[in-house]
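Written below as structure tokens is the structure these notes are about.
The values are calculated or read from the model by the stated rules, or taken from the named source; none is laboratory data. Note that the coordinates shown come from a computational prediction; the quantities given were computed from them, not determined experimentally. Every residue, glycine as well, gets a Cβ built from its backbone with ideal geometry; the counts of neighbours run over all protein chains shown. Accessible surface areas use protein heavy atoms only, side chains included; no ligands, DNA or RNA. Shrake-Rupley method; radii C 1.70, N 1.55, O 1.52, S 1.80 Å.
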Amino acid sequence: MPPTVTDRAKFSRPLTLVLLLGVLAGAPNPVGAQQDATIVDVGDSRLHVVIEDSEFRLAQRDIIDWIRRSADIVANYYARFPTKRAYIGVRAAAGAGVKNGRALRHGPTVNITMGVESTSRDLDVDWILIHELIHLAFPRVPDRHHWIEEGLAVYVESIARANAGTLTPEQVWRGFVQGMPHGLPRAGDRGLDFTPTWGRTYWGGALFCLLADIDIRKASGGKMTLRDALRGIVNAGFDMTDQVDSLPTMLKIADAATKTPALTILYERMKDSPTAIDLSSLWHQLGIDTQQQEIKFNDRAPLAALRAAITAGDRARAAERHYKEFTY
Ligand SMILES: [Zn+2]
């Protein structure tokens with residue numbers, strides 16, 4: 001499930017122990033300790049995993065398996081793991097569950113803090129590691145565009161998990177229905193590039209990604225998706241270890257991959273103006289009944305097929321046709 005306000009507050013808390021020291025010193029060991037890294041190969045990419053020597057309730061192989069499964073979910077979305085190599089550090093904390101995570105350019109490195117009491121179930125429901133791994137797939141952009149980095153991580157995390165079958169469509173849309181309102185402009189908003197609040201950064205960015213996914217699918221008659229656009233960036237050789245000056249340049253590369261101008265047009269619309277979005281109308285068009293406690297789908301809605309295709313993954317593209325015109 002996508003992050004709640006509470007999750008985010010925990011999640012953005014600075015790490016008290018910087019796990020990166022080993023990598024900065026040139027050693028392939030993100031925990032900075034003496035253990036050897038465990039090698040996890042994901043396609044042609046190699047992950048160096050170091051788990052802090054601590055009293056974890058789970059066996060080391062279970063934690064490694066979870067990292068492998070998470071990396072596979074990300075690789076499935078991007079058609080390959082986004083970087084040739086990465087360093088993954090797992091640090092112990094009290095309690096259960098994954099506590100926080102951070103992706104860093106150097107390495108690149110993903111540091112995760114995990115409770116020593118964590119169970120397999122805690123890891124099965126974790127979204128943090130996948131969120132951080134998704135950060136590896138997009139270059140660093142100037143601070144005013146930080147919303148695209150976080151928005152992609154929030155949006156793609158849910159979609160990639162649904163595509164892989166580890167999150168149900170109901171879970172994805174419930175998370176979006178609850179979370180996306182945080183991304184709407186409030187009084188005084190000056191657009192995504194000029195309103196660096198928590199809501200606009202994480203959920204405003206995620207809303208941009210959802211609207212972009214819909215626009216690309218509409219413009220291409222369902223043949224192309226945001227996934228193809230983002231694969232275009234990875235295939236052009238960009239990842240988190242790159243620092244780029246221009247977001248519009250990256251969006252053009254992504255648009256070229258789908259042969260649509262969707263991302264560029266949406267960015268022009270949302271970058272420096274509040275851009276009102278009628279979410280109730282959007283959910284209605286997608287066939288998402290938000291009146292009940294549980295999410296219910298209406299398969300007769302104009303964009304019902306598109307909504308189903310978003311969570312279904314590559315194989316379901318054939319189902320995504322003939323949806324009607326709509327505006328949000
Ligand atoms: Zn993030």
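Observations, loosely collected:
- Expressed to the nearest 5 percent, the antiparallel share of DSSP beta bridges inside the range 92-173 is 75 percent.
- Across 223/252; 84/218; 218/252; 84/259, pairs whose alpha-carbon gap is larger than 25 Å: 84/218; 84/259
- Considering every alpha-carbon pair of the range 45-181, the percent of pairs per 10 Å bin, from zero through the bin containing the longest distance, is 12, 43, 36, 10, 0.
- Linear extension gain, residue 280 paired with residue 235, 0.36 nm per residue minus alpha-carbon span: 12.6 nm
- Look at the alpha carbon pairs under 8 Å that are at least 6 residues apart: their mean separation over the length of the range 157-256 gives a relative contact order of 16 percent.
- Note on residue 252 and residue 198: their simple-model spin labels are 3.7 nm apart, each label 7 Å out from Cα toward Cβ.
- When DSSP beta bridges are restricted to pairs lying wholly in the range 60-217, around 45% turn out antiparallel.
- Sum of side-chain charges, residue 41 neighbourhood, beta-carbon under 15 Å (Lys, Arg +1; Asp, Glu -1): +3
- Taken as Cα centroids, the range 37-53 and the range 126-200 sit 26 Å apart, rounded to the nearest whole angstrom.
- Between residue 290 and residue 264, the contour length at 0.36 nm per residue exceeds the Cα-Cα span by 6.3 nm.
- Annotation: peptides 236-247, 143-154, ranked by per-residue average of other Cβ atoms within 10 Å with the highest first, follow the order 143-154, 236-247.
- Globularity ratio of the range 144-319, using Cα Rg and 2.2 N^0.38 Å: 0.99
- The range 144-319: relative contact order as a whole-number percent, Cα under 8 Å and 6+ apart: 26 percent
- At R0 = 30 Å, FRET efficiency that the Cβ-Cβ distance of residue 170 and residue 94 yields, to 0.05: 0.35
- Distance from the Cα centroid of the range 232-273 to that of the range 95-114 is 26 Å (rounded to whole angstrom).
- Residue 243-residue 53 FRET efficiency (beta carbon distance; Förster radius 41 Å; 0.05 resolution): 0.75
- Protection proxy ranking of 184-191, 115-122, by the mean of other Cβ atoms within 10 Å over each peptide's residues and highest first, is 115-122, 184-191.
- Solvent exposure of the range 144-319 amounts to 40 Å² per residue of accessible area, where only protein heavy atoms count and the probe is 1.4 Å.
- Cα gyration tensor shape for the range 185-241, rounded if a/c is under 1.5, else prolate or oblate: oblate
- FRET E, pair residue 72, residue 121, Förster distance 22 Å, beta-carbon r, rounded to 0.05: 0.70
- A simple packing score, the average count of other Cβ atoms within 10 Å per residue, orders the peptides 220-229, 205-214, 48-57 as 205-214, 220-229, 48-57, with the highest score first.
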